[in-house]
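Working notes, structure below.
We did not get these values from a lab; they are worked out from the coordinates using the rules stated. These numbers were taken from a predicted model, which means no experiment stands behind them. Cβ placement follows ideal geometry from the backbone for every residue including glycine, while neighbour counts extend to all protein chains displayed.
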Amino acid sequence: MLTPRRTVLWLGAYAAAMAWVEAAVVVYLRRLYYPDDQLTLFPMRIWRTSDLLVEVGREAATIVMILAVALLAAPGRTRRVAAFLYVFGVWDLCYYLWLKLALGWPASWAEWDILFLIPWAWLAPWFTPAVAALLFALWGGGVLAVAQETVVPRRAALLAVAGLTLMLASFLEPALPLVGQSPEAAANFVPSRFLWAVYLPGSALLAAGLFIGRPGRLRIRD
């Protein structure tokens, strides 16, 4: 049986390797749909319906992979949540690192990215989800590194969920004008604003919830 620290190490290796696979797919997609300029995503290109369905399926499969390894890696609800967030965080951070090494993107901190496609496109400057990913990785790794099962205070969980909800809203809002529109509408679409007034309080609440629930402050159940 793996020790807690070895569990953190191998989950991190899994997440980093999965991030490389993800980055490689994105490199191929950009060469296919952005052959003239692989560093500029907007205006978005019109995807073939079959390719779009495959991509949505791949994204769903990625979440299933993270969930499955989290359930297998650790017993107990809190540790499994920690494993999921840790793998997700390391995966997302390494994804941007691998893209930078393989493609030279992102080229700047303000670069917009297409984060996800379910239920519609999530759009945001790339570093905004990276902030959440860093918080996930730090908190999840800290919980997993402790051998005893831990109990997160209810207020910490509520703060974190509230923060995530606000951050999710800020990611979903930029593409709202495209919902219900024809695919051709994306051909001229460039995101014009990001709801910093929603994102910043959300990230603060998430950080506060994870800080209150950080391993050093958690109640330990023997």
Compute, for the chain, the length of the dipole vector about the Cα centre, with Cβ point charges of +1 (Lys, Arg) and -1 (Asp, Glu) only. Units Debye, rounded to 20.
1000 debye
Taking the alpha-carbon centroid of each part, what is the distance from the range 82-97 to the range 143-222 in angstrom?
14 Å
Surrounding net charge for ALA61, when Lys and Arg each add one and Asp and Glu each subtract one, Cβ distance under 12 Å:
-2
What distance in nm separates the simple spin-label points at VAL54 and ALA13, each placed 7 Å from Cα in the Cβ direction?
3.1 nm
Using Cα springs under 10 Å in a Gaussian network model of the chain, which residue among LEU101, LEU168, LEU67 shows the largest mean-square fluctuation?
LEU101
Could you please report the charge total around LEU71, scoring K, R as +1 and D, E as -1 over all other residues with beta-carbon less than 15 angstrom from its beta-carbon?
+3
Please report Rg (one decimal) and Dmax (integer) in Å for the Cα set of the chain.
18.3, 59
Along each principal axis of its Cα atoms, how long is the range 1-132 end to end? Whole angstroms, biggest number first, please.
50, 30, 21
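Please return the longest stretch of the chain lacking exposed loop sites, where chymotrypsin sites (Phe, Trp or Tyr not before Pro) count only if DSSP places them in a loop and at most 13 other Cβ atoms lie within 10 Å.
It works out to 1-108.
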Positive-pole candidate from ALA204, GLN148, TRP126, dipole of the chain, charges at beta carbon:
GLN148
Note: probe point = Cα of ASN188 + 7 Å toward Cβ; backbone nitrogen < 17 Å; residues of the range 36-69 passing the test are 42-46
